[in-house]
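The values are calculated or read from the model by the stated rules, or taken from the named source; none is laboratory data. Just so it is clear, the model here is predicted, and its values are computed rather than measured. Cβ placement follows ideal geometry from the backbone for every residue including glycine, while neighbour counts extend to all protein chains displayed. We work out accessible area using only protein heavy atoms, side chains counted, and drop any ligands, DNA or RNA first. Shrake-Rupley method; radii C 1.70, N 1.55, O 1.52, S 1.80 Å.
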Amino acid sequence: MADDAVPPPPPAAMSDSERYLFDLNGFLVVRGVLSPDEVAACNAAITAHADEAVARSDPALRNAAGGSSMYGDGPPRLDLGGILEWDAGESRVFKSVLAHPRLRPLFAGILGKGYRLDHIPFVLMNNRGGEGFALHGGTVDCVTGEYSPDLAYSCRAGQVRTSLLGCNVILSGEHGPDNGGFCVVPGSHKSNFAMPPGMVDGNEHGEYIVNPVAGPGDVVLFSEGTVHGARAWRSDVQRRTALYRFAPATCAYGRSYFGGDGDGERGTTTAWPARFYEGLSEAEAAVLEPPYANRLDRPNIVEDGTVELTTRSERKRRHDREVFRTKYF
């Protein structure tokens, strides 16, 4: 391609290949979602806020068993919040993930129309030897063997769906078998049993635990119904990954969208922190809607990236107001 050639537009829908690979493995690596300039902007913002990161040094916060391949021999993981609340220049790329043209068709293909942000995103950081995370999750929980409807994966009538979708945006460090980081058990979103002893800690059956190869700018999408974790970090380059979680229109795992701090009465508003909304496009703002059905006036992102309201007839809406004395039942 010539230097001045216009790159092709991103696909408007999830491809058959992407759907097959996600259904087969329970995860999908999407290459080059963020440009080098966008990756650099994210890293500059993270560096500027690095002193705000919180180390998971308390034993109660450790995520792996001591001595396991997940635990590591270095410092604990660092967690950095606030990425959607930083100043406009620092938060813009992080906010773009909500309705990114390359990711939007995949979010819709996996979560359906009206997909929504479910957790507050944050950045994970590991220095060399830093702790990973024991295997967890699963449509059938990998530890207890119990069915987990709030994480579950399914495929019906040619549609793949998951109750909760993880979105790992790789910002620094080459993830893979050599360096560690995010790992997954391919196909475990369809497993029907708890894992055998020792596997959740990476001490047994390690050949079935895979580190997907991904570098800065790539995104790893995974069903929370797919058993996943992280191996200890083995690179001198600090690992930096922005983690988002998304859900279908009517599903909720997290509760931050209620507003308030959750320490007293349940929040009376349905709103994320106010700064989340600053500088958002109409499509990005639609992803911050609370959980409710599409037909109840939900703003939906269509294939060209614009937003349209999905609604019922005015007569039905008027009937609801007459019966329930409120706009919605």
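Just wondering, is there one or more residues in the range 77-84 that are in a loop (DSSP other than H, G, I, E, B) and open to solvent by 50 Å² or more (accessible area, probe 1.4 Å)?
No, that holds for no residue.
Does Ala108 satisfy the condition of being open to solvent by 20 Å² or more (accessible area, probe 1.4 Å), at pLDDT below 95 and assigned to a helix (DSSP H, G or I)?
no
Pick out the one residue from Leu61, Leu21 that is at pLDDT 95 or above, hydrophobic (A, V, I, L, M, F, W, C), over 17 Å from Thr241 (Cβ atoms) and open to solvent by 40 Å² or more (accessible area, probe 1.4 Å).
Only one candidate passes the filter, namely Leu21.
Here's the yes/no breakdown for (1) in contact (Cβ under 8 Å) with a residue 24 or more places away in the chain; (2) under 18 Å from Ala64 (Cα atoms); (3) open to solvent by less than 60 Å² (accessible area, probe 1.4 Å):
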{"residue": "Gly132", "(1), (2), (3)": "yes, yes, yes"}
{"residue": "Gly137", "(1), (2), (3)": "yes, yes, yes"}
{"residue": "Gly145", "(1), (2), (3)": "yes, no, yes"}
{"residue": "Asp150", "(1), (2), (3)": "yes, no, no"}
{"residue": "Ala157", "(1), (2), (3)": "no, no, no"}
{"residue": "Arg161", "(1), (2), (3)": "yes, no, no"}
{"residue": "Leu165", "(1), (2), (3)": "yes, no, yes"}
{"residue": "Ser172", "(1), (2), (3)": "yes, no, yes"}
{"residue": "Met195", "(1), (2), (3)": "yes, yes, yes"}
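Any residue in the range 221-245 that is touching a residue at least 12 places away in the same chain (Cβ under 8 Å) and crowded, with 24+ Cβ neighbours inside 10 Å sitting within a Cβ distance under 8 Å of a residue that is of a type in the set (Lys, Arg) and outside any strand (DSSP E or B)? List the pairs, counting only those 6 or more apart or interchain.
These pairs meet every condition: Trp233/Arg128.
Scan the range 235-273 for residues that are of a type in the set (D, E, K, R) and either modelled with pLDDT of 95 or more or touching a helix residue (DSSP H, G or I) at 6+ places or on another chain (Cβ under 9 Å) (or both) and jot them down.
Across the range 235-273, the qualifying residues are Asp236, Arg239, Arg240, Arg245, Arg266.
Name every residue in the range 189-225 that is in a loop (DSSP other than H, G, I, E, B) and in contact with a Ser or Thr (Cβ under 8 Å, 6 or more places away or on another chain), in order of residue number.
Matches in the range 189-225: Ser191, Ala194, Asp201, Gly202, Asn203, Pro216, Gly217, Glu224, Gly225.
Select from the range 17-40 the residues that are part of a helix (DSSP H, G or I) and of a type in the set (A, V, I, L, M, F, W, C) and list them in ascending order.
Listed by number, the residues that qualify are Leu21, Phe22, Leu24, Val39, Ala40.
Checking Ser68 against (1) modelled with pLDDT under 95; (2) over 20 Å from the mean Cα position of the chain (by Cα); (3) closer than 30 Å to Arg161 by Cα; (4) among the polar types (S, T, N, Q), which single condition isn't satisfied?
(3)
Could you check how many residues of the range 285-305 are in a helix (DSSP H, G or I) and under 15 Å from Pro248 (Cα atoms)?
Residues in the range 285-305 being in a helix (DSSP H, G or I) and under 15 Å from Pro248 (Cα atoms): 1 in total.
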